[in-house]
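Participant: Let me give you the structure first, and then I'll get to my questions.
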């Protein structure tokens, strides 16, 4: 496992003074029921090629809506990234399941649960490292939930997911045009707990500011 994904959380926002080449800050917020509407808009905006990469098949709009409506926020963890105009441009879905659901013979886990991760990023927000940030957030949630195996299944042609998997040091197994990737995680500790809490706090502040700004803009537009 690449322990760099659990580095000092403050370094992600502070960066280096005067570093003009640094990417924009990516703040990942845990999504709730109130975000479901924007999640539907995000997934419905994906074209056929993006839906194929995200779901392994080209889901029609009706099935995309069913998928979003069935997400259980009290069981799974869902994360998102909002852009500066309060548009949801990326979603990461971390689904927890019994270890028996893993493909047999692939990996051995000592825990009762594993977690499967899937991610989608709008075309307008690609190239900013958002997918990797969503994965990092999912990994630390798994670690703090005492899950030792994070699993991803995707098409071998999904270069973004393959890049995320390799960067994280995941074990990758390819077969018939598909790939299974696994990351073994360390047990939680006070530092990992603090990191997750800090990241959510920063993201919540950012979310609130963007939501209030958006509401103010709509209010003044309605007054014109």
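No lab work stands behind these numbers, since they all come straight from the coordinates. Worth saying up front: this structure is predicted, and the values here are computed from it rather than measured. Note that each Cβ is placed from the backbone with ideal geometry, even for glycine, and that neighbours are counted across all protein chains shown.
Participant: Find the relative contact order for region 25-223 and round it to a whole percent, using C-alpha pairs within less than 8 Å whose residues are 6+ positions apart.
Facilitator: Once divided by the residue count of region 25-223, the mean separation gives 21 percent.
Participant: I'd like the distance between the alpha-carbon centres of region 124-160 and region 61-101, rounded to an integer number of Å.
Facilitator: Going from one Cα centre to the other spans 13 Å.
Participant: What is the Cα centroid distance between region 165-210 and region 41-56, reported in whole angstrom?
Facilitator: Each part's Cα centre sits 22 Å from the other's.
Participant: Given Cα pairs under 8 Å that are at least 6 residues apart, what percent is the relative contact order of region 136-180? Walk me through the intermediate numbers first.
Facilitator: On the way: 30 pairs, mean separation 16.5, N = 45.
37 percent.
Participant: Something else now. Mind ranking 73-82, 213-222, 186-195 by how tightly packed they are, going by the mean number of other C-beta atoms within 10 angstrom, highest first?
Facilitator: 73-82, 186-195, 213-222
Participant: Separate question: Taking the beta-carbon count within 10 Å as an exposure proxy, list 146, 47 from fewest neighbours to most.
Facilitator: Least to most surrounded, the residues fall as 47, 146.
Participant: Got a sec? How would 151, 182 order by Cβ neighbour count within 10 Å, fewest to most?
Facilitator: Fewest-to-most Cβ neighbours within 10 Å comes out as 182, 151.
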